[in-house]
Amino acid sequence: MELGASVTENIIIAGDSAFIHDNSYGQLVSCACKGILFEEHRNVIENNPAFKDIDKDVLKAAYSGIVTLVIEAAKHDSTAENLSTFLEDCKYTVDRISTFNKIFLSQKSHIQLLLGKVGSSFPHIVDVEWRLDYYIKSNNLEKIDSAVYLINLKTEEPDEQTIKDIQFSCTLEQLQDLVGKLKDATKCMEKIAQV
Amino acid sequence: MLLIFEDAQKEHLSFLTNLDADVLREFGRISLNFIKKGANTKIFQGAAQKLKVSVETIQHGVEGLMYLLIESSKHMLNDIDFQDSIMALGFTEDTRSTLLEIYLENRKEIRDVLDEMSLDLPHYHNLEWRLDVQLASRSLRHQVTPTILLKLQTEDGGKKVSHMLQTDPVNMVHMARVLEEALQEMKSSYCRRIARNIK
């Protein structure tokens, strides 16, 4: 994990008891995790009575330092040992290091889940609906008498609130082909999972 | 079920009653080509000269035959209904059986042409899949996220459209299971009974 000079400076400010008191420090780390995890808490430090004695600029710098540290540590899946080494270099006390580790490590997996969702991907299939029709005749052709399936794939896309549909029809043979291929893929997946 | 002809159509078809089996077959071949590829009126001229009749007579003969073949195929007439339908048009028994042969030989192809012209929904064409494991992204390193990439090809009005999709193992298993159930449904006694009764 490599952080820029200004970020490191902010992290040092957060660890310095001259700027952030011991009793506010734990709150600050918790708020940083909360701010990352919940969109409605992004601004959680503003007007927070826990930080009313701290200078606004200092608080802002410290908060941004901790938020960056938490995100970077989650991104690189840092362990308690990695973090301790890093924070020791930032002149953190043993107490502050263990407070950070305790709060961060308990939230790490949630933050990683969130980070995993960031990025681009193809429409992700989340469900499938089907309908079975019996095609009897049309204006051009009588006595058709064949099964027709209407398939609707429900897909989700990153950064899109709505679920989109992909609709198409299949004859019985075509659906057999489709299911055969899906089962092939499933089997291949299960085989690899057992290794 | 029997076909009903209008007077004009009867007249058009009556020209065919005097033709040799070979010539009739040639007319059958031309009609089929027209059904498959659209009319080509240039042929009429040559045929008219050969048979020493007017171009219109040839054109009407071909059109009448096309109508006969299309309508019989549309209704999926059986041998007997087909023969009975043309019984009143004055064909000899030999000509009738030649026409029946032409009809039966080409019924499937004509039905395919009619089917292509019918209301068409985007339909399944092909599926390709690939199993990937995502190892890292800009925002998260050290991942092991299995993903299945799917390329679904559908066809709509002769045009193929590709959809790139992906899914995770849980949804993949779910999708395979749900569609397998859909397949089984057609074999259920309920669906089989309905299908049987409609035929």
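Tabulated results
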| read-out | value |
| --- | --- |
| Equivalent ellipsoid semi-axes - Cα gyration tensor, the range A:93-163, angstrom | 56, 11, 6 |
| Residue (of B:Pro169, B:His75, B:Leu100) at the positive-pole extreme of the range B:52-199, dipole from beta-carbon charges | B:Pro169 |
| Amide hydrogen neighbours beyond the local backbone of A:Val148, cut-off 5 Å, H modeled | A:Asp133, A:Tyr134, A:Tyr135 |
| Counting all C-alpha pairs of the protein assembly as shown, share separated by more than 39 Å (%) | 53 percent |
| On Cα atoms only, tilt of A:172-194 relative to the major axis of chain A in degrees | 30 degrees |
| Length-normalised contact order for chain B - Cα pairs under 8 Å, 6+ apart - percent | 16 percent |
| At q = 0.13 Å⁻¹, base-10 log of I(q)/I(0) for the range A:124-194 (Debye sum, equal scatterers on each alpha carbon) | -0.56 |
| Sequence ranges B:88-95, A:165-172, ranked by mean other-Cβ count within 10 angstrom, highest first | A:165-172, B:88-95 |
| Test item: B:122-130 mean partner chain Cβ contacts at 10 Å | 6 |
| With Cα atoms, 0 to 90° folded angle of helix B:169-186 axis to chain B main axis | 30 degrees |
| Crossing angle, helix B:93-117 versus chain B [Cα axis fit, 0-90 degrees, rounded to tens] | 30 degrees |
| Hull volume in cubic angstrom per residue (convex hull over the Cα atoms of the range B:35-140) | 206 Å³ |
| Value at 222 nm in deg cm²/dmol, rounded to 500, when DSSP H runs of n ≥ 4 in chain A each add -39,500 (n - 2.57) | -18000 deg cm²/dmol |
| Relative packing of peptides A:43-53, A:85-95, A:23-33, B:162-172 - highest average C-beta neighbours within 10 Å first | A:23-33, B:162-172, A:85-95, A:43-53 |
| Number of partner chain Cβ atoms within 10 Å, mean per residue of A:70-78 | 2 |
| Total formal charge among the other residues, if their Cβ is under 13 angstrom from that of B:Glu11, Lys/Arg +1 and Asp/Glu -1 | -3 |
| Listed residue pairs exceeding 32 Å between alpha carbons, taken from A:Lys117/B:Lys159; A:Lys181/B:Lys74; A:Lys154/B:Lys37; B:Lys42/B:Lys199; A:Lys154/A:Lys187 | A:Lys117/B:Lys159; A:Lys181/B:Lys74; A:Lys154/B:Lys37; B:Lys42/B:Lys199 |
| Neighbouring partner chain Cβ atoms per residue of A:163-173, average, 10 Å criterion | 4 |
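Throughout, read-outs are computed from the coordinates displayed, never taken from laboratory work. Quantities reported herein were computed from a predicted structural model and do not represent experimental measurements. Glycine also receives a Cβ, built like all others from the backbone with ideal geometry; neighbour counts cover every protein chain displayed.
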